[in-house]
Protein chains: 2
Amino acid sequence: MKIVILGSGNVATHLTLALSRQHNILTVYSRNRDNAEQLANKIKTKATNSIKEIPATADIYIIAVNDDAIGTVVDDLPQLNGIVAHTAGSIPIEALNRFSNHGVFYPFQTFSKDKDIDLSNVPILIEGNNAETFQKLNDLAVSVTNKIYNVNSAQRLTLHISAVFACNFVNYFYHIAETLLKEADIPFELLLPLIDETAQKVHITSPLNAQTGPAIRNDRNTIQKHLKVLQNAGANDLADIYSKHSKEISELYRHDNPTK
Amino acid sequence: MKIVILGSGNVATHLTLALSRQHNILTVYSRNRDNAEQLANKIKTKATNSIKEIPATADIYIIAVNDDAIGTVVDDLPQLNGIVAHTAGSIPIEALNRFSNHGVFYPFQTFSKDKDIDLSNVPILIEGNNAETFQKLNDLAVSVTNKIYNVNSAQRLTLHISAVFACNFVNYFYHIAETLLKEADIPFELLLPLIDETAQKVHITSPLNAQTGPAIRNDRNTIQKHLKVLQNAGANDLADIYSKHSKEISELYRHDNPTK
């Protein structure tokens, strides 16, 4: 298929690299000409920072810009015969209503520019405003992954929220752990087997069943000891987080498993 | 080496299975006779629920009971020639002072009874009250893992706190994500590639560098949209958590990376 990519950030970069293997990327557009060129050069195609230079002949236009910028790009694009799809978790399909064929092509993953990702294992969530559009986006998804899901805009929004908890906040807690270890002169690598096992566990059992630690045991001695260390180190913000989530976990298991 | 295991919980179980491959587990002790027998049967050794029946001839006694129960076990044990070591993150080595040779043998991992773990990749943190004890505990650790760390009791306590954030609270957030997905009729498996990648990323870059999502971009539109969904669903507790940590992440990156 002939594809135009609009955007040059993390999602645009990973999608462009993956799609270019089996498809013809006609042009990479970005407001910032340097960024457009940098990405276009990786796959030896054209770059532009002018919406007017975008070819009208593509089968699919993929809008992979920041959520805040999608509205402007949609307004600036001319009418197009091809499919226009965005890649955002929290934007409903209706945002693209002005195009006769439109949809969503949302790769459900955390992308950083400096880390390669094998997209074949990444779920792609698609939506289309008609059967033909859905089918074409499905075909495009098949060319990069074997995990394709048909979810509506409300479900996609909920998925995005769940990702904030299971990825963004999780990574923030990795950061807190790293900060604590640095203070105690302990290398962060010591945590990696624990981080990996915590992630691996929920492949075979539900998180509710996988919970360990002082809070689920309602082990007040240990919890108090930990809080004291944080408070003595002047980390009252971390003590607050520790205390709040420990309480929530203890409550959760008192209700769910009265025998524990 | 000749070893006695005191305890029959998750840590005791995994350690007993791993140590029994190269060592002679003389006895498994637990307050609860059934639990002691269940574990002892797995490696065809003796079980007891009486401290008095514990043999005096072991080289090492490993106390792997709940933190709260360590004091009682220590008080009840007779004087022993062998090394007495506990496996707790938050208990200082001094808790075992009444034994002439004592130390700590702390496997830094999250253990569940129903999931096998390859201990060879698990860091074991050791401490000993004298050089000979340290060396013997080191030899024991070498027989199960290639990751051995010499950390003192204060460092071990900090490590344990960091594990609460990077494992216990992380798993709690997996649980929140699962709850949200269930409400929206989306299978939890959809999250697994994201969970795995979030864990994998911090193997090659620091969490501070790996952060993604609306909070680091200070994307207020998306954050407000997410909060509204949670509030409309009556999940005000989750909205509070979402709001609090989003603010913390936005603040963190405003301070650390003024250009982002």
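Structural remarks
- Averaging Cα coordinates gives a centre for segment A:4-29 and one for segment B:15-82; these two points are 60 Å apart.
- For chain A, the percent of C-alpha pairs falling in each 5 Å distance bin, counted from 0 to the bin holding the largest distance, reads 1, 5, 11, 14, 15, 12, 9, 8, 8, 7, 5, 3, 1, 0.
- Between B and A, roughly 8600 Å² of accessible area is buried in total, ligands, DNA and RNA not counted and the probe set to 1.4 Å.
- Partners for B:LYS52 among aspartates and glutamates (Cα-Cα distance below 18 Å; same-chain residues under 8 apart left out): B:ASP34, B:GLU37, B:ASP75, B:ASP76
- When chain A is treated as a Gaussian network with alpha carbon springs shorter than 10 Å, the biggest mean-square fluctuation among A:LYS182, A:LYS115, A:LYS225 belongs to A:LYS225.
- Mean-square fluctuations from a GNM of chain B, with a 10 angstrom spring cutoff on Cα atoms, peak among B:GLN211, B:GLN38, B:GLN79 at B:GLN211.
- Estimated [θ] at 222 nm from DSSP helical runs (n ≥ 4, -39500 (n - 2.57)) normalised by residues in chain A, nearest 500: -14000 deg cm²/dmol
- The simple spin-label model puts a point 7 Å past each Cα toward its Cβ; for B:LYS228 and A:ASN150 those points are separated by 2.8 nm.
- Whole-Hz couplings from phi, Karplus 6.51/-1.76/1.60, listed for segment A:208-221; x for Gly and Pro: 4, 7, 8, 4, 9, x, x, 5, 5, 7, 6, 8, 5, 4
- Area of A:HIS203 that stays accessible when all protein chains are in place (1.4 Å probe, Å², to 10): 80
- Karplus-derived HN-Hα couplings along segment B:24-31 (A = 6.51, B = -1.76, C = 1.60, θ = phi - 60°), whole Hz, x at Gly and Pro: 9, 7, 5, 7, 10, 9, 8, 3
- Antiparallel DSSP beta bridges within segment B:73-217, as percent of all bridges there, nearest 5: 45
- Whole-Hz Karplus values for segment A:159-166 come out as 4, 4, 4, 4, 5, 4, 5, 7 Hz, taken residue by residue from phi with 6.51 cos²θ - 1.76 cosθ + 1.60 and θ = phi - 60°; glycine and proline positions read x.
- Other copies of B:GLY71: label-to-label distances in nm, shortest first, labels 7 Å along the beta-carbon direction: 6.1
- Descending principal axes extents, segment B:1-84, alpha-carbon based, whole Å: 29, 24, 20
- Using a Förster distance of 60 Å, the FRET efficiency for B:SER243-B:ARG98 (Cβ separation, nearest 0.05): 0.75
- Within-13-Å neighbourhood charge of B:ASN138 [Cβ basis; K, R +1; D, E -1]: -1
- Surface composition of the protein assembly as shown: carbon and sulfur atoms hold 45% of the protein heavy-atom accessible area at a 1.4 Å probe.
- Alpha-carbon centroids, segment A:201-260 and segment B:103-154: separation in whole Å: 24
- Over all distinct Cα-Cα pairs of segment A:197-260, the Kirkwood formula returns a hydrodynamic radius of 12.8 Å.
- Amide H contacts of B:VAL84 (H built 1.01 Å from N, in plane; Pro and chain starts excluded): B:TYR61, B:ASN101, B:HIS102, B:GLY103 sit under 5 Å, all sequence-distant by 5 or more or on other chains.
- For the protein assembly as shown: accessible area per residue (Å², 1.4 Å): 43
- Taking amide hydrogens as placed 1.01 Å from N in the peptide plane, the amide H of B:ILE25 sits under 5 Å from those of B:ILE3, each at least 5 positions away in sequence or on another chain.
- With the convex hull constructed from alpha-carbon coordinates only, segment A:131-260 shows a mean projected area of 11.4 nm² over all directions.
- Pairs beyond 27 Å (Cα-Cα), from A:LYS113/B:LYS182; A:LYS244/B:LYS225; A:LYS147/B:LYS147; A:LYS228/B:LYS2; A:LYS2/B:LYS225; A:LYS46/A:LYS136: A:LYS113/B:LYS182; A:LYS147/B:LYS147; A:LYS228/B:LYS2; A:LYS2/B:LYS225
- Taking amide H as placed 1.01 Å from N in the peptide plane, A:ALA47 has its amide H under 5 Å from the amide H of A:VAL28, each at least 5 places away in sequence or on another chain.
- Inverse of mean 1/r across different Cα pairs in segment B:106-196, Kirkwood, Å: 15.7
The values are calculated or read from the model by the stated rules, or taken from the named source; none is laboratory data. The structure presented is a predicted model; accordingly, all values stated were derived computationally and were not measured. Glycine also receives a Cβ, built like all others from the backbone with ideal geometry; neighbour counts cover every protein chain displayed. Remember, those area values only see protein heavy atoms, side chains included, never the ligands or the DNA or RNA. Shrake-Rupley method; radii C 1.70, N 1.55, O 1.52, S 1.80 Å.
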